[in-house]
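The values are calculated or read from the model by the stated rules, or taken from the named source; none is laboratory data. No experiment lies behind these values; they were computed from the predicted model shown. Positions of Cβ are generated from backbone atoms using ideal geometry, with glycine treated the same way; all protein chains shown enter the neighbour counts.
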Amino acid sequence: MMSQQTPPNLGGKVSRRDFLKLMAAAGTVLTFIPFVDWGKFLPNPTGQVSARAKVELPDGSQANLSSFPVNHSEAVIYPKTDDPALNKEAFRTWQFIRLPEELGGNNNDISSFRMYSMVCLHLWCLWKYWPEPGRKRGECPCHGSLYDPLTGMAFAGPASLQSPPSNVLPMLDLESDQSGAIWIKPPNWSPNGNGVVGFGRYLKE
Amino acid sequence: MVMEWWDLGATLKSENSLVQFCKWVYEGVDRTIFMGMKFTIPSRFVSPLGFLGMLTFVIFIILGITGALLMLWYEPILDRAWDSVERINDTIPFGFHLRNIHYHASNAMVMVALLHMYYQYFSGRYKIRNEILWVTGIILGVLTILEAFTGYDIIFSERAELAISIAASLTNSIPVLGPDMREAFFGGGFSDFILRFYSFHVFWLPIAMLGLMVVHFPRFLVFDVPMVMAFAGAIMITGGVFPVDLGLKFDPNVPPGITVPEWYLTGLYAFLRTMYDKFVTGVLWPGLFIFTLLIIPFVDRYKKFSWKDRPIITAVGITSLAQIIVTTYWGFYIDPDIQKSLLERLVIDPIFFYIVMVLLVPLSFGFTYMMIKLAKNAESKAKAQPKKTTGKGPINLPAKWVYIIFIGLLIFQIYLNISAYYAVLSGMNNFSLFIIGLMMLVFAGMFHIYRHGRAMEKAPPPLPPKPAIQPKAPSPLPQTSRAVYTVEQTVEKPLAPQQEQRARPSLASSQNTKSSSIRSGGQTDSSASREAGTSQEIVSSAEIDDLDKAGNAREG
């Protein structure tokens, strides 16, 4: 009798038995589909911020267009948590810079501000902005990577030798309201968006 | 035989209820998964090359125990990880010992696993349906390195941070999925990294390794107590002589000193230091290397086993070894000229580097060709010349001297115990660790002397010298005890009893010795059953010698 059984794909007909097997397989797959979504358990949800956030300076005040000095920088914690230990973490520290005059820092709008991850793209030391004449750039204390404050691109040192996206600092998008207060727009943590902290960002032309 | 006070085996012959209980348990093992294994405790010295896998497993167990103890004090928390390791090292009693054993055992495990792999590779033991063993072995090797890697990351010293940053950026560099994978597996910052590397280190990777080991274990296993003890002792002695330092606590505001990763990763580090694309150098090249190893048994079509008869495969193996050695050394090397900028000192010129890598290929092939020529030459010369009867003469100690040495070692152990105790009291932790390592070695020696003495006791009296081979020496003892003696004979020098056994494999296999051989534990008929297993697998082949080797290969 086995020899008379129709092969499943002959003439486009599927035997009843094969159809049932197919249904069983489909059922097995369907049973486990809900668990795919459970993968969201893995990434840290504190990194996801859906609303705009204040640029909160170390003294607790919100940064403002009118009061923040030109050619100056502050370290800002973002996204800020309730845990003081976590807030000290390098991955949450950002350098909030008002550009020097020659790079357009005098403009009284959001274009004169930048906010970059302070985690150096080379080996994750914390770089910072140096406003002294002749410097006016981000410098990493560890291996001397230098960053352009205008774009966040490394132009010297080991970070500059890394291939994209690991030569451009992650950057947060900023906006200001009528009162001049500065806000951080919700980020998109991908190399093509705001970048990945410690890894980098593709520079958009 | 007259019982003497030093006849240490004598006490085992009277069976009290405890011994009976142990035997009962041992027989119960028959009903478990272990019944398929043939477990041998060799009764004389065997080359450890044949059971490096078992040694790797023993080191894994050592790591499991010391690691579980370290878990009691280690805290996988961003600002406390390093401090907790410092506390283990400096203040908790014997924390120094456990940490050092854990560290050096991790290095030993990677090293022994590598040796194990190359020994199996060059002796062609992944053949004859051992492909699954080989493939799981390669995966186990990769997991071993990941396990060691995650281990030194969670100390969160400067070097650990460097390692984490490289791991994270390599994951990030994977096209399309990379950043999401990094986010999912490693989390979003240092705090997550430490906690998750910790969970990988103490749970996910070991459990995966244990699962794979179940598949990887061959049916023939050798547990050589003195060799296991010698390895454990060597690990402790290394810990005593080179105690591992803590490194400096990572601070993102302080320039770190120049650090290189652990030796099993400096090869990869050398590639990364060419500053080429991270994905290609850090993910693709190692991936290609692992993939090549995985497919080797399916590429190797030689019918023979010896490295001499498989020139291309041997040459590929030698090439990989040469490249591993060169890149490992290169990864360590940092230009000592401090006048130069750090970047100049660190970056490896990719053109130079890759040219060397390519040049190593013809060099290794030439070297292999030469070695095979030389080996075959030596072989044919040895055949042409009359056989040397002596070779390595066995050391035959008189029984009295065996006991004197034994007692001497025992006294030495007591002395070592006292000095280890005083070393701990006076804070010389590494000295104490060194002495304990020495004690393990002395124990290994004692065990060896002990079994040597027992073997001597059972061995037949020396035969009068005869001109030719004596196929049937008169044996006053039952066959079984002699069979034990032949278990670990290396194949190069088959002794008379082994040939005898070869003549009757069908007999041995028909005895259905499977279950009884487990209980034997190498004491009685393990050799016979081993032979039986071998012959069951490979009855029809003509290449008995090679296959015999292959039979040995499955140990360990």
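Across region B:171-180, the qualifying residues are those that are closer than 11 Å to B:VAL283 by Cβ and surrounded by fewer than 20 Cβ atoms within 10 Å (Cβ to Cβ), and the one among them that is modelled with the lowest pLDDT is B:PRO175. Residues of region A:68-92 that are closer than 17 Å to A:ARG114 by Cβ and part of a loop (DSSP other than H, G, I, E, B): A:PHE68, A:PRO69, A:VAL70, A:ASN71, A:TYR78. Yes or no: A:GLY105 assigned to a loop (DSSP other than H, G, I, E, B) and within 19 Å of A:VAL55 (Cβ to Cβ)? It is true that A:GLY105 is assigned to a loop (DSSP other than H, G, I, E, B) and within 19 Å of A:VAL55 (Cβ to Cβ).
Scanning region A:183-199 for residues that are in contact (Cβ under 8 Å) with a residue 60 or more places away in the chain and at the interface with chain B (Cβ under 10 Å from one of its Cβ atoms) yields A:TRP189, A:GLY195, A:VAL197, A:GLY198, A:PHE199.
Among the residues of region A:155-205, the one identified as out of contact with any Leu (no Cβ under 8 Å at 6 or more places or on another chain) and basic (Lys, Arg) is A:LYS204.
Can you find a residue that is among the aromatic types (Phe, Trp, Tyr) and surrounded by fewer than 18 Cβ atoms within 10 Å (Cβ to Cβ) anywhere in region B:219-239? Within region B:219-239, none of the residues are among the aromatic types (Phe, Trp, Tyr) and surrounded by fewer than 18 Cβ atoms within 10 Å (Cβ to Cβ). Is there a residue in region B:290-304 that is assigned by TED's automatic domain parsing to the domain that holds B:TYR354, aromatic (Phe, Trp, Tyr), at pLDDT 90 or above and within 19 Å of B:LEU143 (Cβ to Cβ)? Taking every residue of region B:290-304 in turn, at least one turns out to be assigned by TED's automatic domain parsing to the domain that holds B:TYR354, aromatic (Phe, Trp, Tyr), at pLDDT 90 or above and within 19 Å of B:LEU143 (Cβ to Cβ). The test for being at pLDDT below 85 and either in the same structural domain as B:ARG273 (by TED's automatic domain parsing) or more than 30 Å from B:TRP285 (Cβ to Cβ) (or both) does not hold for B:LYS381. Looking across A:ALA159, A:ALA154, one residue alone is surrounded by 19 or more Cβ atoms within 10 Å (Cβ to Cβ), more than 9 Å from chain B (Cβ to nearest Cβ) and not in a helix (DSSP H, G or I). It is A:ALA154. One residue alone among A:CYS120, A:CYS142 is in contact with a strand residue (DSSP E or B) (Cβ under 8 Å, 6 or more places away or on another chain), without any contact (Cβ under 8 Å) to a residue 40 or more places away in the chain and within 12 Å of another protein chain (Cβ to nearest Cβ), and that residue is A:CYS120.
Residues of region B:435-457 that are under 20 Å from the mean Cα position of the chain (by Cα) and among the small types (Gly, Ala, Ser): B:GLY437, B:ALA444, B:GLY445. If you go through region B:322-343 and pick out every residue that is acidic (Asp, Glu) and touching a Phe, Trp or Tyr at 6+ places or on another chain (Cβ under 9 Å), you end up with 0.
For region A:31-48, a tally of residues being more than 30 Å from A:ASN188 (Cα to Cα) and either surrounded by 10 or more Cβ atoms within 10 Å (Cβ to Cβ) or modelled with pLDDT under 85 (or both) returns 0.
Conditions (1) within 14 Å of chain A (Cβ to nearest Cβ); (2) farther than 22 Å from B:LEU284 by Cβ; (3) not acidic (Asp, Glu), marked per residue:
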residue: B:ALA113; (1), (2), (3): no, yes, yes
residue: B:TYR121; (1), (2), (3): no, yes, yes
residue: B:LEU143; (1), (2), (3): no, no, yes
residue: B:ALA167; (1), (2), (3): yes, no, yes
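The residues of region B:326-372 that are of a type in the set (A, V, I, L, M), within 23 Å of B:GLY282 (Cβ to Cβ) and part of a loop (DSSP other than H, G, I, E, B), listed by number, are B:ILE334, B:VAL347, B:ILE348.
On the stretch given as region B:270-290, residues that are over 18 Å from B:VAL358 (Cα atoms) and in a loop (DSSP other than H, G, I, E, B) total 2. Scanning region B:254-267 for residues that are out of contact with any helix residue (DSSP H, G or I) (no Cβ under 6 Å at 6 or more places or on another chain) and surrounded by 19 or more Cβ atoms within 10 Å (Cβ to Cβ) yields one hit, B:LEU265. Filtered by the rule that a residue be at the interface with chain B (Cβ under 10 Å from one of its Cβ atoms) and either closer than 17 Å to B:LEU272 by Cβ or in contact (Cβ under 8 Å) with a residue 60 or more places away in the chain (or both), region A:123-139 gives A:LEU123, A:TRP124.
The rows are residues; the columns are (1) more than 16 Å from the chain's Cα centre (by Cα); (2) farther than 24 Å from B:THR327 by Cβ.
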| position | (1), (2) |
| --- | --- |
| B:PRO206 | yes, yes |
| B:MET227 | no, yes |
| B:ALA232 | no, yes |
| B:ASP245 | yes, yes |
| B:THR274 | yes, no |
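For region B:202-232, a residue qualifies if it is assigned to a helix (DSSP H, G or I) and under 30 Å from B:HIS448 (Cβ atoms), and the qualifying residues are B:MET213, B:HIS216, B:VAL225, B:PRO226, B:MET227, B:VAL228, B:MET229, B:ALA230, B:PHE231, B:ALA232.
Among residues of region B:238-297 being more than 12 Å from every other protein chain (Cβ to nearest Cβ) and among the charged types (D, E, K, R), the one that is farthest from B:LEU114 (Cα to Cα) is B:LYS249. Considering only residues of region B:133-167 that are among the β-branched types (Val, Ile, Thr) and farther than 23 Å from B:GLY178 by Cβ, which is surrounded by the most Cβ atoms within 10 Å (Cβ to Cβ)? In this case the residue turns out to be B:ILE155. Number of residues in region A:81-117 that are within 14 Å of chain B (Cβ to nearest Cβ), among the hydrophobic types (A, V, I, L, M, F, W, C) and either within 15 Å of A:PRO149 (Cβ to Cβ) or touching a His at 6+ places or on another chain (Cβ under 8 Å) (or both) equals 1. Within region A:162-177, if we keep just the residues that are crowded, with 19+ Cβ neighbours inside 10 Å and in contact with a Lys or Arg (Cβ under 6 Å, 6 or more places away or on another chain), the residue that is farthest from the other protein chains (Cβ to nearest Cβ) turns out to be A:VAL168.
Mind checking which residues of region B:171-213 are aliphatic (A, V, I, L, M) and free of Cβ contacts under 8 Å to residues at least 12 places away in the same chain?
Narrowing region B:171-213 to residues aliphatic (A, V, I, L, M): B:174, B:176-177, B:181, B:184, B:194-195, B:202, B:205, B:207-210, B:212-213.
Once the filter is applied, which keeps residues that are aliphatic (A, V, I, L, M) and free of Cβ contacts under 8 Å to residues at least 12 places away in the same chain, region B:171-213 yields B:VAL176, B:LEU177, B:MET181, B:ALA184, B:ILE207, B:LEU210.
For the criterion of being more than 9 Å from chain B (Cβ to nearest Cβ) and over 20 Å from the mean Cα position of the chain (by Cα), A:GLY180 passes. Check region B:219-231 and report whether any residue there is farther than 16 Å from B:LEU63 by Cα and either within 14 Å of another protein chain (Cβ to nearest Cβ) or of a type in the set (Lys, Arg) (or both). Yes, the conditions are met somewhere in region B:219-231.
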